[in-house]
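S.K.: The structure's right below; bear with me while I get my questions together.
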Amino acid sequence: MLKEEYLKTSLSLLERVYQENRSTLETVAPLIAKTVSSGGVIHTFGSGHSEIIGREMVGRAGGLVCVSALLDTTGGFIENLPGYGKALAARYDRNHGLKEGEFIIVISNSGKNCSPIEVAEYAKEKGLTVIALTSMEMTKQVETTHATGEKLYEIADYTLDSCGVMGDAVVELPGRDQSAGPTSTMAGALLINLLQMEVLEILAASDASIPLLRSQNIEGAMEANIELARSYRGRLSKPL
């Protein structure tokens, strides 16, 4: 049955995602924790479907309040228009601020399209640390559309590997030259949350306050969340 094959393959892949990225997560988390404890913001960008992964961190119960998403209102429709990603990043910078010493997580499964690469370039020019979230197997097999010939992971300071296959789908359809069952979203969401857990563990072990959002379905949580967000006025893409 296809669903059983997809489940088995996905569970195996998620374990591999954890094991292969563990070292990078443990390296990056203390740096992000330092940024968070000093009042900094973590930014995310994902073009097209990858935007879902970036949004996973934003305004999320059980997650950090200090996360803001750079959003593409075209849904990735013009992600390969040269200059568009840079303009998008510049507008976001004017509205919310990309500050030196902060972090941005740029998500692109293929790592080859212009917009995420340009966002990463812009952020680096502003002095941010860039974390790429991509499929290394896929990105090494595709041609970049960026004029420099570079791919996202080649620009980033750190890379998280979603461990996906070429084309993302992992289950072959019987009797057809087609595959289904994508894994990039679940792998990306896992990596995003593993990173947050590592950051939270470091913050919890220190004297630093933890700007952690609560579920608005719990009494008093909305008021607490709004109070947390006051420190980041104007800097968050999702106001509370």
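S.K.: Just one of the numbered conditions (1) aliphatic (A, V, I, L, M); (2) within 15 Å of ILE131 (Cα to Cα); (3) part of a helix (DSSP H, G or I); (4) in contact with a strand residue (DSSP E or B) (Cβ under 8 Å, 6 or more places away or on another chain) is not true of LEU13; which one?
M.R.: Every condition holds for LEU13 apart from (2).
S.K.: Restricting to the stretch 142-172, count the residues that are assigned to a helix (DSSP H, G or I) and either of a type in the set (Val, Ile, Thr) or on the phi > 0 side of the Ramachandran plot (or both).
M.R.: 1
S.K.: Anything in the stretch 16-50 that is touching a helix residue (DSSP H, G or I) at 6+ places or on another chain (Cβ under 7 Å) and in a strand (DSSP E or B)? List them, or say none.
M.R.: Listed by number, the residues that qualify are ILE42, THR44, PHE45, GLY46.
S.K.: Does the stretch 28-40 include one or more residues that are under 26 Å from ALA147 (Cα atoms), modelled with pLDDT of 95 or more, surrounded by fewer than 22 Cβ atoms within 10 Å (Cβ to Cβ) and aliphatic (A, V, I, L, M)?
M.R.: For the stretch 28-40, residues under 26 Å from ALA147 (Cα atoms), modelled with pLDDT of 95 or more, surrounded by fewer than 22 Cβ atoms within 10 Å (Cβ to Cβ) and aliphatic (A, V, I, L, M): absent.
S.K.: Among the listed residues THR148, THR139, identify the single one that is free of Cβ contacts under 8 Å to residues at least 60 places away in the same chain, surrounded by fewer than 15 Cβ atoms within 10 Å (Cβ to Cβ) and among the hydroxyl-bearing types (Ser, Thr, Tyr).
M.R.: Result of the check over THR148, THR139: THR148.
S.K.: Tell me which residues, restricted to the stretch 96-133, are of a type in the set (Phe, Trp, Tyr) and within 20 Å of THR24 (Cβ to Cβ).
M.R.: Correct list: PHE103 only.
S.K.: Just to check your reading of the model, which residue among GLU102, GLU118 is in contact with a strand residue (DSSP E or B) (Cβ under 8 Å, 6 or more places away or on another chain), surrounded by 22 or more Cβ atoms within 10 Å (Cβ to Cβ), among the charged types (D, E, K, R) and modelled with pLDDT of 95 or more?
M.R.: GLU102
Table: residues versus (1) among the acidic types (Asp, Glu); (2) part of a helix (DSSP H, G or I); (3) touching a His at 6+ places or on another chain (Cβ under 7 Å).
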site	(1), (2), (3)
PRO174	no, no, no
MET186	no, yes, no
ALA189	no, yes, no
ILE192	no, yes, no
GLU201	yes, yes, no
ASP207	yes, no, no
ILE218	no, no, no
GLU227	yes, yes, no
PRO239	no, no, no
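The values are calculated or read from the model by the stated rules, or taken from the named source; none is laboratory data. Owing to the predicted nature of the structure, the values given are computational and were not obtained by experimental measurement. Heads up, the Cβs are rebuilt from the backbone with ideal geometry, glycines too, and the neighbour counts pull from every protein chain shown.
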